[in-house]
Structure formats: C-alpha cells, structure tokens
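For reference, the structure is listed below as structure tokens.
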Amino acid sequence: MINKTVQHVDEAIRDIHDGATIMFGGFGLCGIPENCIAAIQKRGTKNLTCISNNAGVDGFGLGLLLATRQIKKMISSYVGENHEFEKQLLSGELDVELIPQGTLAERIRAGGAGIPAFYTPAGYGTEVADGKEVRVFDGKPHLLEHWLRADFSIVKAWKGDTAGNLIFKGTARNFNPMMATAGHVTIAEVEELVPAGELDPNEIHTPGIFVARIFKGDHYEKRIENLTTL
Amino acid sequence: MALDKYGIAKRIAQEVKDGYYVNLGIGIPTLVANYIPSNIQVMLQSENGLLGMGAFPSKDNVDPDMINAGKQTVTTIDGAALFNSADSFAMIRSGKIDLTILGAMEVSEQGDIANWKIPGKMVKGMGGAMDLVASARNIIVAMQHNSKDGQSKLLKACSLPLTGLHCVKKVFSDLGVFDILPEGGFKLLERAPGVSVEEIIQATEGKLIVEGIIPEMIIN
C-alpha cells in the first residue's frame, strides 16, 4: 500500500532549496503549517517566494521567516497587522505582489486543476488590471489571470491518513485544499495521523494523490490573532 | 447631530431583509450584525470559508479554528456551512450574495470605490474587496462623510487607487443616506437626525441631488 508518511518535519522539508517557490496554507494564523514554518526557519533556507493569503504577524506564522529575512517575495491578498513586513516593504527589501483574494484562490485552484488561465471581473478598472488582457463576456469586462503553481505546497490539516488523505476543520480549511493540489511536491502536516482505512472516504476533503509527504505535527500553538468573546 | 458608527450600523441593519445572504466587511459593517432584527433570518458569509456566522463565542467556548475574515473568533448558527476559499469566492462571483456592506475611504458619484491603499502610507492589500465589488449585485457602503481633516469623501472622482468601478449602489454616512444614480450623482434620500440639507450640501464634493423634502432617518 502507498505510504506517504515521514517521521519528522525535517524529513518532510528536506529538499526545500534556496530560491524555492512555496505555497503556505492558512488565513491569518488559522490553519497555518506551524511545524514546517518553524523548521524552515531553523534550516535557514533563503530567497523564498511565498504564496500565502497573509504574511503572518510579528513573531508568528510567516512573520518568523520575514524576521530572519528568508523571504524574498510575498504573493498575498492582505498583509496588514505585520510591522516587520511593512518595514521591509517600504525599504524595498521585500518584493510584494498583492492579488484580490478570490483571484488568488482561483489562480491556485487553476494551477492544481491543470487550467492555465481564466477570466475574472475582479480588479477591472484598478491597478490590478495593469498589463492584463481584458475581454468582455455578457457585457461585462473581465481580466485574464494565469494559474499559480509552486515547487512546494505546505498545508495543515486536522486529520490525515498514511495514504495522504486529508480532512480539515472549521475555517482552518481556507486555502489549504487548493494549495494541496497546486504544489509540485505537497507536504501535509496534521494534528492526528491514522492508518489508511480509518478515515471515512466520504469525508475526505483532499484525496491523498495530491499529497507527497504527511507527518504528525509535534505541537500546535494555534495562536489567535483577534480573540473576541461575548 | 451626525451619527456615530453605531448609528450608521443601526440604520444599515434596516436594509437587511429576511432570507438574505450577506457579506459584511471589516469596521462599521461588522457592527451591523448586532442590529439585525431578531424576527428575520439572515445568513452571514465570511469569505474565509463560512456561511452562517454566529455571535462571538463565550470565553470557554473559543475555537482557534473558527474565525471570521477579520480574524475574530466566532461561532456558527444552525444551518451553517464551512468550505474552502475557492468555493467562497465562487458564491461571491456568481452573484449569490444578496447584500454586501463595505467600508470605504472614498466613493465617487459614479459609484467607484477606493478602500485598500494609500500610496506611500498604507499598503495592507485588498483582501476580498475587489472580488466582492466586481461581482456582488447589491453593494452598499458605510463610511464617515468627511475625513478627519474635514475633506469630503463623497467625491466627483476618487483620488486614491480604486477597488472597483461603478459598483456602489448606496452610501450610508454619518450625515445621510444616498442613492448613487446610474447616470452619476449622489441622490440624498434621508438626513441623519438633526442634520440639515445645507450641512450635507456643504460636506459633499461630488454631485449631490436634492429633490423635494428630505426626511430624517428613523433609528430605533
């Protein structure tokens, strides 16, 4: 039987090289691959292009890799709430491409689905449209957008099995399923790893074919960015 | 007197109808959820992948895996659904969301909106705002009428980088309620309590259309 399990995070990220393009799942700090981010920081891999909806916060999430200047370029939709990011952006150290969130999600989905390009109305008439082909469908202008793919996609799931099947929980799902499909090598870290056969096939969100390596994360802090209670 | 942000949110809540799917932006729009009448049923969409967003959790019921697009911890209501970001924007782009309520830095008399960037000062990103304004059928804006230094934010043309073109249908400011006409112009529909038409004329740089007696808005 196919077994995608690796024993340790260091084995999962063993071949991530300087200059790699990496997709990181998560929305804010929700559903981010904490263990892989920490291991990449420790390993010191540099000049990374990171595709992630957000850029973490100071001291957590991708903010860790920004602090150590391991990221050369961020491709994101929203990067507020991160002072280190803002500093590096304004000083010109960091290259940033901002993409409307739905376009980002769909470009990643397209990358994983073998669709090289598509048209979307988002961003027409704004600076996002600069240099892009415009085509009118049903009387409405749309922009041509291209797929996004990556050398590595790193996703975080709630449960996974040794065959690489993944189940996400709550709003920690977000970009993770699309990113899992769009990486040349997809690495999944999970809270709970079970033998193949224990997860109900009806409930799988990401089929194991998309996942190259899976491991159980040692520890999840699951930091909350904006704790709000009644 | 001009409305405070809670007053604006209360007035906008009257636009939310039974059975609506609604997306609320960050800021004043988020407050609208607190004033939706309890006798109607509404599904709030949060673009990070939740339809049927509920209230904030109690202290011992916080789940870090349940947040809204403002990264606040939230709960779900009966009938809620969770999904990925691509599905979330599929609902938005295909026009399934009945009402979208956004904040804005500027709105033009043509219905253009700017709310994501101040060149050289603030670059946070557009998040989902560009997708929402490009596709939602009914977009209303909650905003302060003037900037802190007294400049009108209801303009002939936006000076800041745009989020979307010809998309805003209605503006709810601290001074009044305005329709944006298809041919351009802010048509004054209601005044905030105690605010005169004259004050609104003074505060509006864009083309303002005032026809007949303008009623004072009713806020419960």
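Does A:T229 qualify as being touching a Gly at 6+ places or on another chain (Cβ under 6 Å), open to solvent by less than 60 Å² (accessible area, probe 1.4 Å), over 30 Å from B:H166 (Cα atoms) and outside any strand (DSSP E or B)?
Working: touching a Gly at 6+ places or on another chain (Cβ under 6 Å): no; open to solvent by less than 60 Å² (accessible area, probe 1.4 Å): yes; over 30 Å from B:H166 (Cα atoms): yes; outside any strand (DSSP E or B): yes.
In short, no.
Quick one: which of A:D151, A:D218 is open to solvent by 40 Å² or more (accessible area, probe 1.4 Å), under 22 Å from A:T45 (Cα atoms) and in contact with a helix residue (DSSP H, G or I) (Cβ under 9 Å, 6 or more places away or on another chain)?
Step by step, each of A:D151, A:D218 is checked, and only A:D218 is open to solvent by 40 Å² or more (accessible area, probe 1.4 Å), under 22 Å from A:T45 (Cα atoms) and in contact with a helix residue (DSSP H, G or I) (Cβ under 9 Å, 6 or more places away or on another chain).
From the list B:I101, B:I97, exactly one residue is more than 11 Å from chain A (Cβ to nearest Cβ) and either assigned to a strand (DSSP E or B) or of a type in the set (K, R) (or both). Which is it?
Unique residue meeting the criteria: B:I101.
I'm checking my understanding of the structure. Among residues of region A:171-193 that are free of Cβ contacts under 8 Å to residues at least 60 places away in the same chain and surrounded by fewer than 20 Cβ atoms within 10 Å (Cβ to Cβ), which one is nearest to the other protein chains (Cβ to nearest Cβ)?
Among those that are free of Cβ contacts under 8 Å to residues at least 60 places away in the same chain and surrounded by fewer than 20 Cβ atoms within 10 Å (Cβ to Cβ), it is A:E191.
Identify, please: which residue in region A:117-133 is of a type outside the set (F, W, Y) and open to solvent by 70 Å² or more (accessible area, probe 1.4 Å) and is, among those, nearest to B:A134 (Cα to Cα)? Walk me through it before giving the result.
Of the residues in region A:117-133, the ones of a type outside the set (F, W, Y) are A:117, A:120-123, A:125-133.
This time we only want the ones that are open to solvent by 70 Å² or more (accessible area, probe 1.4 Å), so: A:127, A:130-131, A:133.
On the way: A:E127: 14, A:D130: 16, A:G131: 18, A:E133: 17 Å.
If we take residues in region A:117-133 being of a type outside the set (F, W, Y) and open to solvent by 70 Å² or more (accessible area, probe 1.4 Å), then A:E127 is nearest to B:A134 (Cα to Cα).
Starting from region A:203-230, keep only residues that are within 8 Å of another protein chain (Cβ to nearest Cβ), then list their pairs with residues that are open to solvent by 60 Å² or more (accessible area, probe 1.4 Å) and outside any loop (DSSP other than H, G, I, E, B) whose Cβ atoms are within a distance under 7 Å, requiring at least 6 positions of separation or different chains.
As it stands, the answer is A:T229/B:K59, since those pairs meet every condition given.
From the list A:E203, A:E198, exactly one residue is within 19 Å of A:T5 (Cα to Cα), charged (D, E, K, R) and surrounded by fewer than 21 Cβ atoms within 10 Å (Cβ to Cβ). Which is it?
Values: A:E203 fails: within 19 Å of A:T5 (Cα to Cα).
The conditions single out A:E198.
Can you tell me which of B:A80, B:A55, B:A90, B:A9 is of a type outside the set (D, E, K, R) and buried (at least 20 other Cβ atoms within 10 Å of the Cβ)?
On the way: B:A80 fails: buried (at least 20 other Cβ atoms within 10 Å of the Cβ); B:A55 fails: buried (at least 20 other Cβ atoms within 10 Å of the Cβ); B:A90 fails: buried (at least 20 other Cβ atoms within 10 Å of the Cβ).
Step by step, each of B:A80, B:A55, B:A90, B:A9 is checked, and only B:A9 is of a type outside the set (D, E, K, R) and buried (at least 20 other Cβ atoms within 10 Å of the Cβ).
Yes/no matrix, rows are residues, columns are (1) more than 22 Å from A:S52 (Cα to Cα); (2) hydrophobic (A, V, I, L, M, F, W, C); (3) part of a loop (DSSP other than H, G, I, E, B); (4) at pLDDT below 95:
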| position | (1), (2), (3), (4) |
| --- | --- |
| B:I26 | no, yes, yes, yes |
| B:T30 | yes, no, no, yes |
| B:A33 | yes, yes, no, yes |
| B:N48 | no, no, yes, no |
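Got a sec? Which of B:I200, B:I180, B:I213 is open to solvent by 40 Å² or more (accessible area, probe 1.4 Å) and either at negative phi or of a type in the set (S, T, N, Q) (or both)?
Values: B:I200 fails: open to solvent by 40 Å² or more (accessible area, probe 1.4 Å); B:I180 fails: open to solvent by 40 Å² or more (accessible area, probe 1.4 Å).
Just one listed residue meets the conditions, B:I213.
Can you confirm whether A:A196 is closer than 25 Å to A:G111 by Cβ and not in a helix (DSSP H, G or I)? Spell out how you get there, then give the answer.
Working: closer than 25 Å to A:G111 by Cβ: no; not in a helix (DSSP H, G or I): yes.
Here the answer is no, as A:A196 does not meet what is asked.
Restricting attention to region A:55-90, which residues are open to solvent by 10 Å² or more (accessible area, probe 1.4 Å), away from chain B (no Cβ under 11 Å) and farther than 20 Å from A:A150 by Cβ?
A:D58, A:G59, A:F60, A:A67, A:T68, A:R69, A:H83, A:E84, A:K87
Residue by residue, here is whether (1) in contact with a helix residue (DSSP H, G or I) (Cβ under 7 Å, 6 or more places away or on another chain); (2) away from chain A (no Cβ under 14 Å); (3) under 16 Å from B:T100 (Cβ atoms) holds:
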site	(1), (2), (3)
B:V22	no, yes, yes
B:I36	yes, yes, yes
B:L51	no, no, yes
B:G54	no, no, no
B:S58	no, no, no
B:A69	no, no, yes
B:Q72	no, no, no
B:D78	no, yes, no
B:A81	no, no, no
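Got at least one residue in region A:29-40 being out of contact with any strand residue (DSSP E or B) (no Cβ under 7 Å at 6 or more places or on another chain) and more than 14 Å from A:I154 (Cα to Cα)?
no
For region B:122-165, how many residues are part of a helix (DSSP H, G or I) and more than 17 Å from B:G25 (Cβ to Cβ)?
Our first condition is that a residue be part of a helix (DSSP H, G or I); within region B:122-165, this holds for B:129-135.
Imposing the further condition that a residue be more than 17 Å from B:G25 (Cβ to Cβ) reduces the set to none.
The qualifying residues number 0.
Of B:C167, B:C158, which residue is over 14 Å from the mean Cα position of the chain (by Cα), within 14 Å of chain A (Cβ to nearest Cβ) and open to solvent by less than 40 Å² (accessible area, probe 1.4 Å)? Explain how you work it out, then say what you get.
Numbers: B:C167 fails: over 14 Å from the mean Cα position of the chain (by Cα).
Going through B:C167, B:C158 in turn, just one is over 14 Å from the mean Cα position of the chain (by Cα), within 14 Å of chain A (Cβ to nearest Cβ) and open to solvent by less than 40 Å² (accessible area, probe 1.4 Å): B:C158.
The values are calculated or read from the model by the stated rules, or taken from the named source; none is laboratory data. Computed from a predicted structure; not experimentally measured. Glycine also receives a Cβ, built like all others from the backbone with ideal geometry; neighbour counts cover every protein chain displayed. In case anyone asks, the SASA skips ligands and DNA or RNA and just uses the protein heavy atoms, side chains included. Shrake-Rupley method; radii C 1.70, N 1.55, O 1.52, S 1.80 Å.
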